[in-house]
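Below is one structure, written out as structure tokens; the observations come after it.
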Amino acid sequence: MSNLPFVLAAPLAEQLGRVLDAEGKLARALEALGPVAGRDVALVDAPGSRVAAELDDLGARVAHAPLEQPFRLPFGDASMDVVVSLWSGFRGVDTDELAEADRVLRPGGRLLVVHDYGRDDVSRLRGEAPEYGPWSRREGPFLRGGFKIRVIHCWWTFATLDEARTFLDEAFGPAGAEVGAALKRPRLSWNVAVYHRARGEAGGEPVGEAGD
């Protein structure tokens with residue numbers, strides 16, 4: 001499930017779920033780009049996630065969908081106002097997947113795809129990944145495929161430096177220990193990209209956006 005940007009064992013996953021984006025910036029960005037409040041929202045592969053709870057708090061009518069290959073949504077035609085995918089779905093841009101999202105969206109509906117953006121502390125835990133390079137470039141699949149991008153500047157916020165360093169070491173091994181040793185404050189910078197497009201929006205020259 002895409003509750004988190006990383007796959008971790010249960011105790012560590014629970015701890016990460018408590019510390020990431022404590023300010024709720026990601027949910028607010030989804031509201032700004034949707035909006036989602038008072039609307040029918042298909043949330044892909046994220047039952048029980050922090051973002052799902054925050055969407056509920058915003059008043060979204062959330063319907064959960066599993067991530068399937070090939071990509072299929074268990075909803076009728078033109079039944080949703082927003083489709084939200086967190087980390088695990090839309091690994092690049094596939095025309096069949098876009099067509100399936102457009103099928104369930106009503107006219108004027110929005111597709112919001114969340115991935116890590118990089119250029120931050122968190123990306124140093126993972127090393128090379130397409131999220132941190134090709135996907136976010138102007139010539140990359142999302143921006144050339146009709147999406148725009150909003151970058152949200154979030155944090156993983158721990159109570160103390162010792163807690164942060166212990167977690168990073170246990171969760172990510174040597175890479176985590178190295179990142180933890182360099183911390184001056186008990187938090188890691190975490191940049192999240194929300195790629196967004198309107199139903200049926202075609203590719204073309206992209207327009208980048210940034211925001212908190």
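The values are calculated or read from the model by the stated rules, or taken from the named source; none is laboratory data. From a predicted model like this one, the values you see are computed outputs, not experimental measurements. With ideal geometry, Cβ positions are generated from the backbone for all residues, glycine too; neighbour counts draw on all protein chains shown.
Values as computed for the structure displayed
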{"read-out": "Single condition E14 does not satisfy, out of (1) of a type outside the set (A, V, I, L, M, F, W, C); (2) closer than 20 Å to P186 by Cα; (3) in contact with a helix residue (DSSP H, G or I) (Cβ under 9 Å, 6 or more places away or on another chain); (4) without any contact (Cβ under 8 Å) to a residue 60 or more places away in the chain", "value": "(3)"}
{"read-out": "Qualifying residue in segment 106-123 (condition: at positive phi, touching a residue at least 40 places away in the same chain (Cβ under 8 Å), surrounded by fewer than 18 Cβ atoms within 10 Å (Cβ to Cβ) and charged (D, E, K, R))", "value": "yes"}
{"read-out": "Which listed residue is out of contact with any Lys or Arg (no Cβ under 7 Å at 6 or more places or on another chain), closer than 22 Å to H115 by Cα and touching a residue at least 24 places away in the same chain (Cβ under 8 Å), from L161, L168", "value": "L168"}
{"read-out": "Search result, residues across segment 66-123 that are touching a Lys or Arg at 6+ places or on another chain (Cβ under 6 Å) and among the small types (G, A, S)", "value": "A78, G109"}
{"read-out": "Strands (runs of 3 or more DSSP E) contained entirely in segment 11-103, each with at least 1 residues that are in contact with a strand residue (DSSP E or B) (Cβ under 9 Å, 6 or more places away or on another chain) and hydroxyl-bearing (S, T, Y)", "value": "80-86"}
{"read-out": "Search result, residues across segment 173-198 that are within 20 Å of the chain's Cα centre (by Cα) and either modelled with pLDDT under 95 or farther than 30 Å from A99 by Cβ (or both)", "value": "R187, L188, S189, W190"}
{"read-out": "Residues of segment 152-165 that turn out to be surrounded by fewer than 19 Cβ atoms within 10 Å (Cβ to Cβ) and within 17 Å of the chain's Cα centre (by Cα), as a count", "value": "1"}
